[in-house]
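A short worksheet on the structure shown next.
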Amino acid sequence: MGVSVSAPVDKEILFRTAEKGDIVRLKEIVEYTGTNLDQRDEEGNDVLHYGALSNHRPTLEYLVERCSFSPLRGNCRGITPYDIAYREKKEVTLEYFREVSGFSYEEGYHNPVERGFFPDPSLIRVGEDYYMVNSSFHFFPCIPISHSRDLVHWKVIGHAITRPEWAELDDKEGGRGYWAPDISYHSGRFYITATLRCNDDSKEKRIQMVTSSTSPEGPYDKPSWIHDDGIDPSIFHDDDGRKYMLLNRGARIFQLSSDCREKIGEASLLWLGECRKNPEGPHILKKDGFYYLFLAEGGTGMGHRVTCARAKNLYGPYEPCPHNPIVRQNDEMQILQCCGHGMAVDTPSGDWYMAYLTLRHSKDGYGFTGRETCLDPMYWDKDGWPVVNGGKGPAVFSPLPKATESGKEYPDAYYYPSWCHRLWTTPRPLKKDKVWTEGESLFLTGSGGDLNSKETRSILLERQREFEFTAECTLSTESLKEGESAGIASYYDENSYIKFGVAVKDGRKGILLAHYVGEEYEELSFTPFPDMDSTVVLKQECSGKRRVFSTSFYSKTIEDAVCLASEGLKKGKRFTGAMVGIYVEGESTVEFKTWSSDFIAEDSF
């Protein structure tokens, strides 16, 4: 006599059954009801997230081995069942997950590996060392260069352009500037190229910059300019010594001079891509007699992806990879979205990885941290085609690559004073004589107007790396004059920012909170000082779109600071990310005595 299938159970019953480790009831639900097992709660947790709490091996084995749930699948916050087991100290679960995943929890890493506005990664290995560049747009110094020994832990060691007179950023609007750089190495020399995206009213909207150096950290030569319209250039050095530049649309190629500073001949199209929507970001890798061509396609939104094709001849024709797209996020409840713009690299031991960009959204649904860099393991199938993360989509949690032992040591790349050990950046170059340190203090001289002017450079910023953070500064108010202010800036670009500082208004000093969105300036509050000394401590606490601004006698909350997210305003090019730092509005020199920031990662336990 057959067993009839009963009605589906509520997902809460499914989750609690797994959490209790009731294997008999769990099997009954799975095998004799019509329950959808792939249901998730509002945080994106699946049944194995709950089962991880059971600490019951038979329940875990059933869910993983019979029902195909993965301990490495993340929820909306990037938290996996493996994370839950570690956080809750479930030893049986941890041991089982170690067995089926092949690595202990301590041997794993979370994506993104570079957090907070590190988009468009390009990376290479030279000997035992890895080097990576990322887009910097209108921020200065231009194009950060990072170093790693394990592809996960990165440190900025230099920039491609550190001389203000070479930067060409003075008139560039927010989101313009240096797009999608590429780093390559040949015969003892490092080459960096990027698109200088100019304003729309410029004679040329897109120009290709090339510079090089014998040292990865620089200094780099004065840039040369290649006048071919397109974006996302990369340089390919072929085995015969010839050098080529690739540009979109799709992958167009033309030869370069031996020093890569001049264009030779006309461009020709190699491959337009597979979906042919916004094909860009071309890179070529030569391996085992094939030229492998990687493209970013689908636009920078939810359809972003990486595709691949190969040819025996550099000029093709190129055959598309049967696994395309080799990187794409198809799960809308995962933390890593808009994944694309990838580049592959090998390790000294012969393993392969792909770096690509992603966009995380806060629980409020906004990408405050901007586009960031991820890393996934990659292998080549029996037919020589690349497979990223086993074809399972972008990885939230993976085993650490093997670190190299004999890599180089580099100091941090401080361009502005290394006050509080921060790598400061500014929108467009700030003259070095306008910022300096004395003892434990930093002095910043204002450059005139408000932060909505491209002429105002008196802002020192660091990237917002997480959705939750606290930032605090102490400043002296003695030098401020009528109409001036100084304090903490929460900044996206000249079109959207929040000022929280000390201001002088009608002869009185007070705490100012104001924001600028689009073309609208609004003073949210001005609170005159009580009797107090001239030193003020300002504090900002952030959780998603909510920000609390406070001093010892003042507190005010902005519940909806979405103007600091890329999606929060439709004006200009919104491709960067939120930043936080210090500012001076006016022309006075202000003493900042302390600065601290604490970014809290949700997937760190």
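The values are calculated or read from the model by the stated rules, or taken from the named source; none is laboratory data. This structure is a prediction, so every number in the text was calculated from the model and none was measured. Don't worry about glycine lacking a Cβ; one is built from the backbone with ideal geometry, like all the others, and counts go over all protein chains shown. Accessible surface is based on the protein model in full, side chains and every heavy atom, while ligands, DNA and RNA are left aside. Shrake-Rupley method; radii C 1.70, N 1.55, O 1.52, S 1.80 Å.
Points worth noting:
- Subset of region 491-532 that is touching a helix residue (DSSP H, G or I) at 6+ places or on another chain (Cβ under 6 Å) and of a type outside the set (Phe, Trp, Tyr) - its residue that is surrounded by the fewest Cβ atoms within 10 Å (Cβ to Cβ): Val517
- Among the residues of region 288-311, the ones that are more than 23 Å from the chain's Cα centre (by Cα), farther than 11 Å from Gly273 by Cα and hydrophobic (A, V, I, L, M, F, W, C) come to 2 in all.
- Between Ser4, Ser68, the distinction of being among the hydroxyl-bearing types (Ser, Thr, Tyr), assigned to a loop (DSSP other than H, G, I, E, B), modelled with pLDDT under 95 and more than 16 Å from Phe397 (Cα to Cα) belongs to Ser4 only.
- In region 472-487, residue nearest to Phe526 (Cα to Cα) [restricted to those that are surrounded by 23 or more Cβ atoms within 10 Å (Cβ to Cβ) and small (Gly, Ala, Ser)]: Ser485
- Every test in (1) assigned to a loop (DSSP other than H, G, I, E, B); (2) over 23 Å from the mean Cα position of the chain (by Cα); (3) surrounded by fewer than 23 Cβ atoms within 10 Å (Cβ to Cβ) is passed by Tyr220 save one, and that test is (3).
One line per residue, one yes/no per condition, for (1) within 26 Å of Pro112 (Cα to Cα); (2) basic (Lys, Arg); (3) in a loop (DSSP other than H, G, I, E, B):
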| position | (1), (2), (3) |
| --- | --- |
| Glu28 | no, no, no |
| Asn36 | no, no, yes |
| Tyr50 | yes, no, no |
| Leu72 | yes, no, yes |
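- Within region 405-457, the set of residues being on the phi > 0 side of the Ramachandran plot and among the small types (Gly, Ala, Ser) comprises Gly439, Gly448.
- Criterion applied to Thr307, Thr214, Thr300 was being open to solvent by less than 20 Å² (accessible area, probe 1.4 Å) and polar (S, T, N, Q), and the one residue passing it is Thr307.
- Residue in region 22-35 that is surrounded by 14 or more Cβ atoms within 10 Å (Cβ to Cβ), touching a helix residue (DSSP H, G or I) at 6+ places or on another chain (Cβ under 8 Å) and on the phi > 0 side of the Ramachandran plot present: no
- Residues of region 366-388 classified as open to solvent by less than 40 Å² (accessible area, probe 1.4 Å) and in contact (Cβ under 8 Å) with a residue 60 or more places away in the chain, total: 15
Listed here are the residues, each with its yes/no results for (1) open to solvent by 10 Å² or more (accessible area, probe 1.4 Å); (2) over 12 Å from the mean Cα position of the chain (by Cα); (3) more than 26 Å from Arg189 (Cβ to Cβ).
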site	(1), (2), (3)
Arg98	yes, yes, yes
Ser101	yes, yes, yes
Glu106	yes, yes, yes
Val113	yes, no, yes
Gly116	no, no, yes
Pro121	no, no, no
Arg125	yes, yes, no
Ser136	no, no, no
Pro141	no, yes, no
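- Put simply, of Tyr130, Tyr185 the only residue that is at pLDDT 95 or above, touching a His at 6+ places or on another chain (Cβ under 9 Å) and open to solvent by 10 Å² or more (accessible area, probe 1.4 Å) is Tyr185.
- If you go through region 255-290 and pick out every residue that is touching a Lys or Arg at 6+ places or on another chain (Cβ under 6 Å) and part of a strand (DSSP E or B), you end up with 4.
- Residues of region 166-207 classified as farther than 30 Å from Ala565 by Cβ and touching a strand residue (DSSP E or B) at 6+ places or on another chain (Cβ under 6 Å), total: 6
- Subset tally (residues that are open to solvent by 10 Å² or more (accessible area, probe 1.4 Å), without any contact (Cβ under 8 Å) to a residue 40 or more places away in the chain and outside any loop (DSSP other than H, G, I, E, B)) for region 315-337: 1
- Residue in region 558-605 that is nearest to Glu468 (Cα to Cα), counting only those that are of a type in the set (Asp, Glu) and in contact with a Gly (Cβ under 7 Å, 6 or more places away or on another chain): Glu602
- Boolean, Ile284 is among the aliphatic types (A, V, I, L, M) and in contact with a helix residue (DSSP H, G or I) (Cβ under 9 Å, 6 or more places away or on another chain): no
- Unmet criterion (only one of (1) within 18 Å of the chain's Cα centre (by Cα); (2) charged (D, E, K, R); (3) in a loop (DSSP other than H, G, I, E, B); (4) modelled with pLDDT of 95 or more) for Lys382: (1)
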